[in-house]
1. Considering region 79-137 alone, what residues qualify as being under 15 Å from Asp149 (Cα atoms), surrounded by 18 or more Cβ atoms within 10 Å (Cβ to Cβ) and among the aliphatic types (A, V, I, L, M)?
2. Can you tell me how many residues in region 81-105 are over 13 Å from the mean Cα position of the chain (by Cα) and either at pLDDT below 95 or over 15 Å from Ala119 (Cα atoms) (or both)?
3. So which pairs qualify, if the first residue must be in region 200-229 and in the same structural domain as Met291 (by TED's automatic domain parsing) and more than 19 Å from Ala141 (Cα to Cα), the second must be surrounded by 10 or more Cβ atoms within 10 Å (Cβ to Cβ) and of a type in the set (Phe, Trp, Tyr), the Cβ gap must be under 9 Å, and the two must be at least 6 apart or on different chains?
4. Sort out which residues of region 1-47 are within 17 Å of Ile84 (Cα to Cα), surrounded by 16 or more Cβ atoms within 10 Å (Cβ to Cβ) and not aromatic (Phe, Trp, Tyr), and write them in order of number.
5. Being free of Cβ contacts under 8 Å to residues at least 60 places away in the same chain and among the hydroxyl-bearing types (Ser, Thr, Tyr) is the filter here, so list the residues in region 275-307 that pass it.
6. So, Ala219, is that one part of a helix (DSSP H, G or I) and of a type in the set (A, V, I, L, M) or not?
7. Checking the structure you have, find out if any residue of region 93-103 is in contact with a Leu (Cβ under 9 Å, 6 or more places away or on another chain), closer than 27 Å to Lys251 by Cα and of a type in the set (Val, Ile, Thr).
8. Being among the hydroxyl-bearing types (Ser, Thr, Tyr) and under 21 Å from the mean Cα position of the chain (by Cα) is the filter; apply it to region 210-268 and report the residue that is nearest to Glu196 (Cα to Cα).
Amino acid sequence: MTDSVITPESTRIGWIGTGVMGRSMCGHLISAGYRATVFNRTRSKLDDLVALGATVVDSPKQVAEQSDVVFTIVGFPHDVEQVILGEEGVLAGCRSGMTVVDMTTSRPSLAERIAKEAAASGVSAIDAPVSGGDTGARNAALSIMVGGDADAVARIDPLLQLLGKTIVHQGPAGCGQHTKMVNQTLIASGMIAVCEGLLYATKVGLDLPTVLQSVSSGAAGSWSLSNLAPRMIDGDFDPGFFVEHFIKDMKIALDEAAAMNLALPGLALAYQLYQAVSAQGHAKDGTQALMLALAELNRVDWKAAKQ
């Protein structure tokens with residue numbers, strides 16, 4: 001199958017990257033009946049998908065050789081470059097008519113480069129970063145921001161519909177990544193506000209879950225307030241999305257803004273605060289760990305306060 005209609009009977013899926021989000025996302029496709037060939041650098045992270053029937057191979061190239069549509073969701077832009085453009089990368093194993101969908105949050109310029117190199121081989125390349133974290137991935141409720149050729153995007157829509165609830169084609173290659181930068185900019189400053197609000201409530205002795213009942217459904221409501229504030233209150237800093245990956249995203253957005261002579265002081269402040277979170281040893285924690293840095297700034301022992 002190359003350019004024909006996508007169905008579980010005719011379409012073989014490849015998946016590269018089975019971390020906090022990728023494992024659930026690939027699982028949804030397998031559960032819908034698609035045959036999947038998978039690769040991950042840490043092989044043990046494939047066990048759940050193997051139990052569902054996935055086939056494991058030894059390189060991204062081998063994934064492409066056994067697939068019709070290949071999805072990637074890895075950590076950093078250099079990982080994307082290696083996995084897709086490297087000697088043993090996806091494009092090295094692609095055939096004309098295939099589609100490569102990168103769901104990593106990465107540099108818009110890299111998405112454009114991948115699309116150009118893929119097109120030279122008759123392959124469609126789509127950038128489709130997501131928002132919604134581990135919860136959105138598990139519940140197939142992600143927001144997917146898509147860049148690429150309109151016909152290619154329309155063809156893979158049945159697959160994207162299995163992964164998310166909001167799928168919007170933003171424009172040509174790179175536009176999905178640019179939209180994700182907007183998303184991350186919005187989240188960054190909002191996370192500061194969530195932490196500061198909870199610190200204020202703590203300082204005056206309010207009951208935090210009761211406070212959330214009042215403020216979450218009003219004008220102050222946000223995804224972070226509804227989903228991450230309860231984790232902060234519970235002292236749960238496990239990753240739905242890694243601090244180190246959020247720092248990477250903010251750096252991409254700041255670099256893009258600088259290239260446009262655009263000042264984003266709120267984003268710059270959030271970037272510096274998250275650098276402090278990482279310096280305190282929380283790079284592998286979830287983004288809600290910003291609370292720990294701001295609590296430290298105010299000499300509040302947040303973990304002790306929650307016990």
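The values are calculated or read from the model by the stated rules, or taken from the named source; none is laboratory data. None of the values given here were measured: they were computed from a predicted structure. Cβ sites come from the backbone with ideal geometry, for glycine too, and all protein chains shown count toward neighbours.
1. Correct list: Met98, Val100, Val101, Ala111, Ile114, Ala115, Ala118, Val123, Ala125, Ile126, Ala128.
2. Number of matching residues: 7.
3. From region 200-229, the pairs are Thr202/Trp302; Leu206/Tyr200.
4. Listed by number, the residues that qualify are Ile13, Gly14, Ile16, Gly17, Thr18, Gly22, Thr37, Val38, Asn40.
5. Within region 275-307, just Ser278 meets the criteria.
6. no
7. yes
8. Filtering region 210-268 down to residues among the hydroxyl-bearing types (Ser, Thr, Tyr) leaves 210, 214, 216-217, 222, 224, 226.
Adding the requirement that they be under 21 Å from the mean Cα position of the chain (by Cα) leaves 222, 224, 226.
Values: Ser222: 14, Ser224: 13, Ser226: 15 Å.
Applying the filter and picking the extreme gives Ser224.
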